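Student: This is the structure I have questions about; it appears just below.
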Amino acid sequence: MHSSPLTALCPAAVAETWTPPRPHPYLRPKGRTASGRERGLTLSFTLPGEIRSAYIGRTAIAAALEAHGLVRFAWPTTHAASELIAVTARMSPGRELYVSLRHRDDAVRLLVWDQHPHHVEPDLAALCEERRRRALWLLAAVVDDWGGEWGVCEASQSQQGTKSWVSLPR
């Protein structure tokens, strides 16, 4: 079985067995902005609306966090990504999902946008929202345990669909 820092939950086990990989040149931070601030992690990609996309998204996010020296965020962020991507894929099967990961001010923000339309009929809209929130019970537990926040909202008028987000502080 493959061993990585993402499989060890004990900090001692990680320190004993893991040495940081050399970051891929495309995943490394690109220096400083014009104002002198160090650039943070910025990653965006599109996935197919399929359940297997949860694995693909989790793997890409883990690699980006490791490359940027943010391994401390890997466990909660990859769990959050798996949950958000899997649930949004079930809400909009066969339709593309957009995933965005940012690290700013020592916090990680994950956003998943799906193309599931807002329902006009109020009872159907409430039922749909309730099913989405209930499907994200594990996400809620992980985010709460790590002192973060999460939410779901309707996308802006120009984008249509639903945005789900997670913010994890240091």
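Student: Any idea of Asp123's accessible area? Nearest 10 Å², probe 1.4 Å.
Tutor: Number for this one is 110 Å².
Student: At R0 = 22 Å, how high is the FRET efficiency between Arg102 and Ala141 if r is their beta carbon distance? Nearest 0.05 is fine. Display every interim value, and only then the final one.
Tutor: On the way: r = 23 Å, r/R0 = 1.04.
Here the calculated transfer efficiency is 0.45.
Student: Amide H neighbours of Val108 under 5 Å, counting only residues 5+ apart in sequence or on other chains, H built in-plane at 1.01 Å?
Tutor: Leu168
Student: Moving on. Find how much the distance from Glu50 to His118 grows on full extension, using 0.36 nm per residue of separation minus their present alpha carbon separation; answer in nm with one decimal.
Tutor: 22.5 nm
Student: In nanometres, what is the gap between the two model label sites at Glu154 and Ala125, each 7 Å from Cα along Cα-to-Cβ?
Tutor: Distance between label points: 0.4 nm.
Student: Can you list the residues, at least 5 places off or on another chain, whose amide H is less than 5 Å from the amide H of Arg95, using H built in the peptide plane?
Tutor: Gly49
The values are calculated or read from the model by the stated rules, or taken from the named source; none is laboratory data. Computed from a prediction, not measured in an experiment: that's the story for all the values here. Please note: Cβ atoms are built from the backbone with ideal geometry, for glycine as well, and neighbour counts cover all protein chains shown. Ligands, DNA and RNA are excluded from the accessible area calculation, which covers all protein heavy atoms including side chains. Shrake-Rupley method; radii C 1.70, N 1.55, O 1.52, S 1.80 Å.
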